[in-house]
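The values are calculated or read from the model by the stated rules, or taken from the named source; none is laboratory data. Predicted model, so just to flag it, every value in this text is computed and none were measured. Reconstructed Cβ throughout: ideal geometry from the backbone, glycine too, with neighbour counts over all protein chains shown. With ligands, DNA and RNA removed, areas are computed over all heavy atoms of the protein, side chains included. Shrake-Rupley method; radii C 1.70, N 1.55, O 1.52, S 1.80 Å.
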Amino acid sequence: MEPREGSSPPGSVTAYVPDIGGLLPVYVADRYEGFRVKRFTELAADELDRYLEANVAAVHDVVEALGGVDAALANHLVMGPAILARAGLGFAAKVHGSALEYTVKPEPARFLPYAREGIDAAAGVLVGSRHTAESLWEAIGDPDLPARTRLGPPGVDTELFRPLAGESPSGRLAELAASVASEEPGGGGAFARDARAAADAIRHLAAADGPRVVMVGKLIVSKGVDLLLAAWPLVHRANPGARLLLVGFGEYAPALQRLWASLASGDLDQAREIAARGRGLEGGEEKPLRMLKAFLAEPDAGYREAAREAGGSVAFAGRLEHDEVGRLIPATDALVFPSTFPEAFGMVAAEAAAAGVLPVSAAHSGAAEVSRALAATLPAAIGELLSFPLDDGAVRGIATRLNTWLRLDEPTREGARRALVDTASELWGWEGVARGVLAASAGRLEELVPVPTD
């Protein structure tokens, strides 16, 4: 919320944390220290009612404390827009993929009324991509909604995510590791982490004798991390000394660690068993990971040996703070965003581009829209490296794109990096995004970019 003029110092930010009684509703199952965690779809009716009431009351308290607000933004399709609607505010609704795909669409009878309540009250509706807009329009079923929907991509902090300026990648990573390691034991509250393990993983990346590659995201089946792990031996074989860092946490983390241990030991039968069980190792239905299974059924010649040789080249960092990710990514050569589930936007890819790091993303939904926007300012041969098809060749697709990028001569890569930085800054810098939010909250939709027709 934007406070009224004179109610707080210019540029200040205040976080108001409502008392939700220790029960944290989420879209995707995970663990958060200090909370009882349930997916929205698992909440009892009285639990959902209490959550809504607590947040509406908190909004009233904030408005009263500030003497009113000039603009407000509700994130996600549920429950933010319904909360601001019940609080009587004028606001913009920003629709991302998680609430839409994991909560509203799976249980429309229960959650669609809340979604419609919030969207109907919003002065403007923002989406990060054409893909999300179409999914939203289909779910809501209001023929007038497209006319109120505008493109509102997430913002990239281009001061944080920016190329290294004369600083060595290994030096930047060493400093980051030291900073992470200095964290007080048990710090982080509800989002506590193993700071020592995170620091060790970053030091491992810093010590690489070859290229550095990173993946940042939730460690859940839907993010496709298994595809990257299976591709990594092919990348390492072509780039001796290369190292991979996985940043994130989630219910599938133990299975991914088992998968990598199986590959690194040359135990492809164990890896095939993990591929066969799929989401069952995350607590869901046992269903094969089709693309991983297809690759492991007929791996490349010498793959078992390549996987063994790559054994010591992968590290898991766990959770990093956003500012730490902003210091990490510019010190790498490439980032892989292998999500297999529809994405509202390719945020991590946009941040990597702003840092001058090649993002290799799956070619679908909002992720593909980011890749296309970036590719428009690159030579065609390099633009093709930004995305890979999600098919039975996905594992090789990731490896081929990374290896092609890492083989390019330095002048060519430097020119591509400059183009990535310029495009990301122009399209997704914070100032433009903030102007869009303010305009949408006031209903000035004519000032906003229409949703692309293609």
*Within the set of other residues whose C-beta is less than 10 Å from the C-beta of Ala255, count the net charge using Lys and Arg as +1 and Asp and Glu as -1.*
0
*Listed residue (Leu126, Gly415, Val63) projecting farthest to the positive dipole end of the chain, Cβ model*: Gly415
_region 107-255 - Rg over Rh from alpha carbon coordinates, Kirkwood radius_ = 1.09
*Hey, how many Å between the Cα centroid of region 264-322 and the Cα centroid of region 371-439?*
26
*If you rank Lys293, Lys105, Lys218, Lys94 by how much accessible surface each has, with a 1.4 Å probe, what is the order from largest down?*
Lys293, Lys105, Lys218, Lys94
*Ordering of 20-28, 221-229, 134-142 by packing [mean C-beta count within 10 Å, highest first]*: 221-229, 134-142, 20-28
*asked:* How big is the dipole moment of the chain about its Cα centre under a simple scheme where the beta carbon of each Lys and Arg is +1, that of each Asp and Glu is -1, and everything else is neutral? Debye, nearest 20, please.
replied: 860
*the chain - mean residue ellipticity at 222 nm from DSSP helices (-39,500 (n - 2.57) per run, n ≥ 4, rounded to 500)*: -14000 deg cm²/dmol
*What whole-number value in Å² describes the accessible area per residue of the chain for a 1.4 Å probe?*
43
*Radius of gyration and Dmax over the Cα atoms of region 375-449, both given in Å*: 17.5, 50
*Highest mean first, what order results for 322-329, 351-358, 71-78 on Cβ atoms within 10 Å?*
351-358, 71-78, 322-329
*Considering only protein heavy atoms and a 1.4 Å probe, what is the carbon-and-sulfur percentage of the accessible area of the chain?*
51
*How many lysine pairs does the chain hold where the Cα atoms are under 24 Å apart and the two sit 8 or more places apart or on different chains?*
15
*So for region 311-389, Kirkwood radius off the Cα pairs, Stokes-Einstein at 4 °C and 1.567 mPa s: how many µm² s⁻¹?*
98
_Apply the a/c threshold of 1.5 to the C-alpha gyration tensor of region 186-268 and tell me whether it is rounded, prolate or oblate._
oblate
*asked:* Could you give me D for region 6-61, from Stokes-Einstein at 10 °C and 1.306 mPa s, where the hydrodynamic radius is the Kirkwood radius over C-alpha pairs? Units µm² s⁻¹, please.
replied: 121
_Separation of the Glu138 and Ala181 label points, Cα + 7 Å toward Cβ, nm_ = 5.0
_Below 8 Å, C-alpha to C-alpha, sequence gap of six or more: please give me the relative contact order for the chain in percent._
18
*Leading residue at positive end of dipole, region 263-408 (Cβ point charges), from Leu358, Ala376, Ala306*: Ala376
*Based on alpha-carbon positions alone, could you give the equivalent ellipsoid semi-axes of the chain from the gyration tensor, as √(5λ), descending, whole Å?*
37, 25, 23
_Dipole magnitude of region 8-70 about its Cα centre (Cβ charges: Lys, Arg +1; Asp, Glu -1), debye to nearest 20_ = 260
*Taking each pair of different alpha-carbon atoms in region 200-342 once, compute 1/r for the pair, average those values, and report the inverse of that mean as the Kirkwood hydrodynamic radius in Å to one decimal.*
15.2
*Considering only the other residues whose Cβ falls under 12 Å of the Cβ of Ala199, what net charge follows from Lys and Arg at +1 and Asp and Glu at -1?*
-2
